[in-house]
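The structure under discussion appears below in the form of structure tokens.
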Amino acid sequence: MTSLLEQPEAPSRPPRPSRRRFWARRALVIGIAVSLVMAVVGLVDRLTTPNTTDVAARPSPTSLPRVATPTDDATSTTSTPTTAAPAAAPGGATEGAPAPETVPPSGGAAPVLTPGLTVAPLQAAGKPVPVVHRVLTFDPVVFITIDDGVTQDPAVAEYLRANDIPVTMFLTEQYMRGGLPFFRSMQAGGAGVAAHSVSHLSLSGKDPATQIREVCEPAADYARDFATPVRYFRPPYGNYDDTTLSAAAGCGMKAVVHWSATLEDAKLQTASGGPLRAGDIVLLHFKPSLLGDLQFLMGQLQALGLRPALLERYLDAANVAP
């Protein structure tokens with residue numbers, strides 16, 4: 001018999017892992033899982049949170065040219081004119097500086113919203129016709145107007161035609177008569193025609209007969225000479241009274257047009273005291289410096305992100321609030 005001492009030993013069981021090692025492995029797995037979850041949460045957060053660096057890099061609204069809105073009211077757009085010298089006019093007198101802007105509320109009339117053109121109602125404010133200083137529009141446009149007609153420079157007509165620049169001519173009949181072919185060439189190049197009196201007389205305080213003649217005769221004559229209806233009148237020096245407005249209404253005028261900026265000899269003056277804004281009406285004159293002034297103005301508009309538009313197109317489209 002085999003002694004008990006000679007019996008083979010039973011195979012031993014593999015040692016169990018220690019409890020400490022077990023919990024260490026579990027902690028490692030949990031840590032990896034938590035890290036993956038945090039990474040996913042961070043990615044989602046970056047995708048859904050605006051990039052503040054990009055926002056800061058964008059231009060602020062105050063750095064852009066202001067576009068007047070059809071809902072602007074008097075408190076938001078009233079400004080004080082600067083004290084620069086007003087533009088010279090024929091006969092040694094001066095056109096008035098841009099008047100302080102007062103933009104009344106819409107008066108219930110609807111703004112016109114069409115592709116490429118937005119314009120708020122013209123405000124008659126109880127008068128026979130509206131008096132327009134600026135055009136309230138969302139569009140980045142400025143309106144170039146040229147008064148009188150004393151100097152007739154073919155280079156001006158060619159510059160406007162070659163660059164497709166729309167302007168409106170407010171012609172004084174006594175100056176226009178000697179240069180009708182020139183002004184017709186301007187019209188053929190896209191310029192609009194409007195009235196600026198017979199003799200450049202300051203109308204405020206004049207009797208009704210005188211004012212009717214000064215306002216209405218050019219409208220009738222220009223309709224014949226330029227084969228187009230004349231719907232807008234600008235009083236010389238910007239001076240008018242209720243009799244002027246009644247005369248304009250009696251002639252079938254839709255509005256009396258003032259201005260919100262003047263330009264002469266590359267000196268720009270605005271009613272706001274700042275740079276040109278969308279909707280501004282700029283006053284220039286047919287004089288020897290006109291070509292240089294137009295070139296200067298186009299440079300200003302380009303720098304501000306603005307472009308010229310034909311004044312009549314916007315005024316024709318606008319409704320009138322009584």
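The values are calculated or read from the model by the stated rules, or taken from the named source; none is laboratory data. Small disclaimer: the values here were computed from a predicted structure and weren't measured. Glycine gets a Cβ as well: all are built from the backbone with ideal geometry, and neighbour counts include every protein chain shown.
One line per residue, one yes/no per condition, for (1) among the polar types (S, T, N, Q); (2) more than 15 Å from H133 (Cα to Cα):
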site	(1), (2)
S197	yes, yes
R213	no, yes
R231	no, yes
Y240	no, no
I281	no, no
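Please enumerate the residues belonging to the stretch 197-219 that are charged (D, E, K, R), touching an Asp or Glu at 6+ places or on another chain (Cβ under 8 Å) and surrounded by 17 or more Cβ atoms within 10 Å (Cβ to Cβ). Quick ask: steps written out before the conclusion?
Start the filter on the stretch 197-219 by keeping residues that are charged (D, E, K, R), which leaves 206-207, 213-214, 217.
Retained after the next criterion (residues that are touching an Asp or Glu at 6+ places or on another chain (Cβ under 8 Å)): 206, 217.
Result: K206, single match.
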G250 being at pLDDT 95 or above and more than 23 Å from the chain's Cα centre (by Cα): yes
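Test A194 against the stated conditions and say whether it is surrounded by 17 or more Cβ atoms within 10 Å (Cβ to Cβ) and among the aliphatic types (A, V, I, L, M). Working first, answer last.
On the way: surrounded by 17 or more Cβ atoms within 10 Å (Cβ to Cβ): yes; among the aliphatic types (A, V, I, L, M): yes.
Yes; evaluated as a whole, the condition is true for this residue.
Could you please find all residues in the stretch 243-252 being surrounded by 23 or more Cβ atoms within 10 Å (Cβ to Cβ) and of a type in the set (A, V, I, L, M, F, W, C)? Break it down stepwise before answering.
Here is the first cut: in the stretch 243-252, the residues surrounded by 23 or more Cβ atoms within 10 Å (Cβ to Cβ) are 244-245, 247-248.
Within the stretch 243-252, L245, A247, A248 qualify.
Is it true that V193 is closer than 17 Å to P235 by Cα, modelled with pLDDT of 95 or more and assigned to a strand (DSSP E or B)?
Numbers: closer than 17 Å to P235 by Cα: yes; modelled with pLDDT of 95 or more: yes; assigned to a strand (DSSP E or B): yes.
Taking the combined requirement at face value, the residue satisfies it.
From the list Y240, Y222, exactly one residue is buried (at least 18 other Cβ atoms within 10 Å of the Cβ) and in a loop (DSSP other than H, G, I, E, B). Which is it?
Working: Y222 fails: in a loop (DSSP other than H, G, I, E, B).
Of the residues listed, the single one that is buried (at least 18 other Cβ atoms within 10 Å of the Cβ) and in a loop (DSSP other than H, G, I, E, B) is Y240.
Condition check ((1) over 20 Å from Y237 (Cβ atoms); (2) in contact (Cβ under 8 Å) with a residue 40 or more places away in the chain; (3) buried (at least 18 other Cβ atoms within 10 Å of the Cβ); (4) of a type in the set (K, R)) across all residues:
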| position | (1), (2), (3), (4) |
| --- | --- |
| F296 | yes, no, no, no |
| G305 | yes, yes, no, no |
| L315 | yes, yes, yes, no |
| P322 | yes, yes, no, no |
Every residue from the stretch 172-189 that is of a type in the set (A, V, I, L, M, F, W, C) and under 25 Å from the mean Cα position of the chain (by Cα): M186
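Specify which of the listed residues (V131, V112, V215, V193) is aliphatic (A, V, I, L, M) and within 18 Å of the chain's Cα centre (by Cα). Explain how you work it out, then say what you get.
Values: V131 fails: within 18 Å of the chain's Cα centre (by Cα); V215 fails: within 18 Å of the chain's Cα centre (by Cα); V193 fails: within 18 Å of the chain's Cα centre (by Cα).
Result: V112 is the single residue among V131, V112, V215, V193 that is aliphatic (A, V, I, L, M) and within 18 Å of the chain's Cα centre (by Cα).
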Filtered residues of the stretch 189-226 (kept if over 15 Å from L171 (Cβ atoms) and either of a type in the set (A, V, I, L, M) or touching a residue at least 40 places away in the same chain (Cβ under 8 Å) (or both)): G190, S202, L203, S204, A209, I212
